[in-house]
1. What number comes out for the charge environment of Lys402, summing +1 per Lys or Arg and -1 per Asp or Glu over other residues with Cβ under 10 Å away?
2. Add +1 for every Lys or Arg and -1 for every Asp or Glu among the other residues with Cβ under 11 Å from the Cβ of Leu186, and state the total.
3. What FRET efficiency comes out for the pair Glu607/Leu681, r = Cβ-Cβ distance, R0 = 25 Å, nearest 0.05?
4. So if each residue of separation counts as 0.36 nm, and I subtract the Cα-Cα distance between Glu160 and Ala634, what length gain in nm does that give?
5. So what does the Cα-only Debye profile of region 568-816 read at q = 0.07 Å⁻¹, as log10 I(q)/I(0), no solvent term?
6. Could you tell me which of the pairs Lys650/Lys809; Lys270/Lys375; Lys270/Lys329; Lys507/Lys650; Lys197/Lys270 are separated by over 29 angstrom between their Cα atoms in the structure shown?
7. Using a 10 Å cut-off around each Cβ, can you sort Cys190, Cys628 from fewest to most neighbouring Cβ atoms?
8. Which three extents, in whole angstrom, do the alpha-carbon atoms of region 503-595 cover along their principal axes, largest first?
Amino acid sequence: MQSQPRHHLSLRWYRNRGQSTLDRTTKKEDAGDEMRNVNRRGETLRSVVFLLKPPGNIAGDWVITTFMVATPPPAEPDSNALVSGDTDASSMDSETQDSLDEIMLACLERFSESESADAPQDLIRYLPDSDRETRHFVLVELIKLQMAMAAENGTPRPLERYFDALPDLISPSTTPLDLILEDIQLQRECGLNPEYKTFAERFPQYSDSLAPLLGVCETALPREHTQPPDPVAPGETLDDFEIIQLLGKGAFAHVYLARQISMSRLVAVKVSRWKSNEALDASESRALAQFDHPNIIRVFDQRFLREPPLHLLYMQFHPGGTLADVIAKAKLTHHNRRRGALLLQSVDENLLASAQVVPERSTTREWINEIEWPKLVAWIGIQLAGALQAAHDTGVLHRDVKPANVLLTAEGIPQLADFNVSLAGASGRAGAACSLGGSVGYMAPEHLRAITANLLAPQEEVRERADLYSLAVLLWELWQGQRPFDCASSAASWTQAVSNQLDGRLKELKPPRYNNTAWQRVLESVLRRALSADPESRPATGAEFAGDLRLALYPAAAELFDPNPNSWTAWLMRRSPWWVTIVVILLPNMAAGRLHYLYNLNEIMTESTRNGLDTLSYQINFTFFPICALLVIAFTRAPMRALRAASSGKAPAYSDIRWTLQLGHLSALVGGGCWIFAGVLMPYLLSVRFPEFTTSQSIHLFVSSLICGGVAMIYPFFSLGLICAGAYYPKMIRPTMQDPDFDRNAARVISQSESYLLIAALIPLVGAALMIFSQSQSRYFMLLAITAGMIGLLGSFIAYRTLVRMWTKLGEVLSVADPVVPGDSRSSRAG
């Protein structure tokens, strides 16, 4: 009997699946032992697909290729992280993971030993007697294996065969995305061209992810396509470009300074290998060419060369170097000596190295030269966050935000470059795993988890907030001269390096070194929020992140949004608007009511009408005060809703914010309206009840009511105006740092303040007129009213000036009308 050939197990982890290439061949028995040893060491085994092949090149032989990697066991999770829910896929129960690995290993071993397992229905025999989820997971891996075997024989087998043969076990609606990607890859390896339309109709749930993947993302490119091209020497010509010097190099491309011969201009040319599929190379060009943003590098065009097969992407040349150069200088400079001039020094050195002229007169450079370092960091962050917002608005994710990808113009303006657009629009594991898509030192936790995720790990979205996280890492490094994570410096493998990075993300951030200034406290707070391990706790958009960073540029405004915990604004932020409004309305009305009662009792009323005044005063007070209380309850519902939303980190409704800003005006109208109504009602009722009550007395009673009504209007208006502008409004805006109606709201409040200031000026004038025409011998009460009016006018004027200053400070970070620092485009915040 002829002996069966010994099988071998080839372990390979594709580079584009998230790991560096690892090729080993071991005996199948040894491979099984190795897999068990992996589990015994507490490591995590991640497998994607198996193929079996005995030695030799006999047609029809099987191949076993396992996309498998062993990663070290994760560190013990921090108790605080567990409480907050900041856990990842690698922290799943170890016993469950070990059991799954053993089940998978046993099923694959039985399948590899079988001699008749060619038909889809044969896979049922190798499924474990376990729960439905585990059986489905094993079935998916077996399908991949059988499909790969068929593809190796030159007869690719579509997924429909499995849907027809195993309808109770798998269907298009239950097919995972990685199995679809395997089908796409196998078809390509067999020379077929899978079409998006076909897959989108078959798997509509993945249509958005498949759109960029089909024609953009290759799951296994030939090695020569994943290597950088051969270097080009200065003086050589590529197509229309005369190479001057090398500007930088990466894993897949080189960037040169070149002169475009036909246009006689300097350009930056990114040279990469041509992948024989122009759609793959053209994707970056199309994505970048659509941007028209001052902080995104301008792409001119692209060229394809047949011999040698190269892709040339040429773009605007900025000779100022990159933020990586600036960070290198910052690390060599004491943190107390860093200023904006350090950035200009780096830019000028790069300008001179490229034989470019340093600008002599530039308002932007003058501003940068004098700015404090933390403010410069915030300024750069504002512009880069705006650039990311513009990219995200078009559905493009960067996925590789790092200092080397931020170019600097001669003016010192940062511009974002090198978008990893091959993943634009692809979310979750598929989007992150189809390409490395970034530098691990700047990746968000969900991005790190996605590129090393176990197939049973829950799907995660690697979306816009991951770019903002990377930007926050960049800004922290620029600010402090080091990244905020405490990661192990040594790693035995790429996988361990990723694991170390992920562990560092879940630890407490390094404490920053800085002077205890308002803008640095705000900068730390903003960056810590953006560096949260939970994506939902970060800014939702680039515009929101930019709004947060603006606070670090304006310390006065920062004090409004992040007040000292012991300040009056912080105290008011913790109080209910209902109680605050009641007190603010009640106190001036009680004072005005007492003055009104004493004046009319002593100066106007006769012996016969005094009892009537007492009765009417009680009746009116007990009628109007409950009405005012009810109105206050109605008016403060919107502020209370908005404050509750802001306290929970959510954006309040803009309608609630508008109502809050009108709280002082509404309270003044209620108070003034009640006094005017009482001023008409009381003389009428007194004249009806007491015929001797004269017209002159009625006029005096009405005018005194107007004076008291004015007092009851101006005090609540300015008091609540200051409280809303200094406490409630900043707290409501803090979660998003955006208010598209800010300029209209500010103009409305200032206009109303001017009107109430006029009322405050009229009160002492009316009191003086009443005193002049009064027939009473005692002018004590009128003098008291005039004095109170004068004090109210002075207080109103001070309140008005304070209110204007507050809204001016708020406008520095919220107004969309006029930028107040170079390069700060406010248009991205509107809407």
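No lab work stands behind these numbers, since they all come straight from the coordinates. Since we're looking at a predicted model, the values are computed, not measured. So basically every Cβ, Gly included, is an ideal-geometry build from the backbone, and we count neighbours across all protein chains shown.
1. Counting the neighbours of Lys402, the net charge comes to -3.
2. Its environment carries a net charge of -1.
3. 0.65
4. Contour length minus the Cα-Cα distance gives 164.4 nm.
5. For region 568-816 at q = 0.07 Å⁻¹, log10 I(q)/I(0) is -0.28.
6. From the list (Lys650/Lys809; Lys270/Lys375; Lys270/Lys329; Lys507/Lys650; Lys197/Lys270), the Cα-Cα distance tops 29 Å for Lys270/Lys375; Lys197/Lys270.
7. Cys190, Cys628
8. 67, 30, 25
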